Amino acid sequence: MSAVTSASAPEDAAALEAAEAHLVRLAGEVARRVAALLDAAERDPGAAAAVRAGLVAFCEREILPYAAAEEAVIYPAARRLPDSRLLIESLVAEHSCLTALVDALGSAPTLLGAVADARALQVLFEEHVAKENGLVLPLLALAPGIRPAALLTEVRERVDRHVSYVCEW
């Protein structure tokens, strides 16, 4: 049983489990795309540019908007909980690092630099997801007066609005 299933309301437990699974899927997709970039760099450097662009686009479409939504919705609620301020501040700092790594990946002047940035992005994001799933979501699950389902619905709506905005041209 996941720590998030200890939420008092079934809809909160379901929302927390869905958020946990979503973050794991995002990390898996980053890992898959980084592996594809490493493979392309090794076997077909000419194809690596498209793979790199796909990784950057994925991060700009999925990872960074989710991070912004977390900062706007989840983190303010979590920050009010006892002893969570430093954790939340560190996660916000990690979001800044993730953004910088996506920017560096997109503008790396060499394939080797892009590969290094991609791998750093993967490692940082996997650690970030572990903290989200292992610390933040359980904090929300156990916090009195916090409705995780409502928070996570707002996060999803913010991400969906961003994707719609990005796709409307």
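Treat every Asp and Glu Cβ in region 44-166 as -1 and every Lys and Arg Cβ as +1, leave all other atoms uncharged, and give the resulting dipole magnitude about the Cα centre to the nearest 20 debye. Walk me through the numbers on the way to the answer.
Values: 11 positive and 16 negative charges, 57 e Å.
Once rounded to the nearest 20, the dipole reads 280 debye.
So what are region 1-79's ellipsoid semi-axes, whole angstrom, largest first, if each one is the square root of 5 times an eigenvalue of the alpha-carbon gyration tensor? Can you show the working numbers first?
Working: eigenvalues 229, 44, 11 Å².
They are 34, 15, 8 Å, listed from largest to smallest.
I want the local charge near Ala118. Using Cβ-Cβ distances under 9 Å, sum +1 for each Lys or Arg and -1 for each Asp or Glu among the other residues. Please list the in-between numbers first.
On the way: positive: Arg33, Arg52, Arg119; negative: Asp117.
Summing Lys and Arg as +1 and Asp and Glu as -1 gives +2.
Can you tell me what the convex hull of the Cα atoms of region 51-90 projects to on average, as an area in nm²?
Numbers: hull surface 12.3 nm².
The Cα convex hull of region 51-90, projected and averaged over all directions, gives 3.1 nm².
Please calculate how many Å² of accessible area region 14-169 carries per residue, with a 1.4 Å probe and no DNA, RNA or ligand atoms counted. Could you put the intermediate results ahead of the total?
Working: 7890 Å² over 156 residues.
With all protein chains present, region 14-169 gives 51 Å² per residue.
Let me check against my output: what whole-number percent is the relative contact order of the chain, with C-alpha pairs under 8 Å and at least 6 apart?
Normalised by residue count, the contact order of the chain is 38 percent.
I'd like to know how the chain sits against the 2.2 N^0.38 Å rule of thumb: what's its Cα Rg over that expected value? Walk me through the numbers on the way to the answer.
Details: Rg = 17.0 Å, N = 169, 2.2 N^0.38 = 15.5 Å.
That ratio works out to 1.10.
Of the options Val102, Leu26, Leu87, report the single residue whose Cα projects farthest towards the positive end of the charge dipole of region 20-169 (beta-carbon charges: Lys, Arg +1; Asp, Glu -1).
After comparing all options, I get Leu87.
Please give the contour-minus-distance gain from Ala68 to Val24: 0.36 nm per residue of separation, less the Cα-Cα distance, rounded to one decimal in nm. It would help to have the intermediate numbers written out before the result.
On the way: separation 44, 0.36 × 44 = 15.84 nm, distance 1.77 nm.
My answer for the length gained is 14.1 nm.
Listed highest first by mean packing, meaning other Cβ atoms within 10 Å per residue, what order do 97-107, 61-71 come in?
Averaged packing, sorted descending, gives the order 61-71, 97-107.
Using a 1.4 Å probe over the heavy atoms of the protein chains, calculate the carbon and sulfur portion of the accessible area of the chain as a whole percent.
Working: 5210 of 8650 Å².
Ligands and nucleic acids excluded, carbon and sulfur give 60 percent.
Could you tally the net charge around Thr153, taking each other residue with its Cβ under 12 Å from the Cβ of Thr153, Lys/Arg +1 and Asp/Glu -1?
Working: positive: Arg147, Arg156, Arg158; negative: Glu11, Asp12, Glu154, Glu157, Asp160.
Result for the neighbourhood of Thr153: -2.
Enumerate the calculated ³J(HN,Hα) couplings along region 60-72 in order (Karplus 6.51 cos²θ - 1.76 cosθ + 1.60, θ = phi - 60°), each rounded to whole Hz, writing x wherever the residue is Gly or Pro.
5, 8, 10, 6, 5, x, 5, 4, 4, 5, 4, 5, 7
Would you mind computing the Rg to Rh ratio of region 80-169 from its alpha-carbon coordinates, Kirkwood style for Rh? Intermediate values should be presented prior to the final figure.
Working: Rg = 16.4 Å, Rh = 15.4 Å.
Over the Cα atoms of region 80-169, Rg/Rh equals 1.06.
The values are calculated or read from the model by the stated rules, or taken from the named source; none is laboratory data. Please read all numbers here as calculations on a predicted model, not as lab measurements. In this analysis, Cβ positions are derived from the backbone assuming ideal geometry, glycine residues included, and neighbour counts consider all displayed protein chains. These area figures cover heavy atoms from the full protein model, side chains too; ligands, DNA and RNA do not enter into them. Shrake-Rupley method; radii C 1.70, N 1.55, O 1.52, S 1.80 Å.
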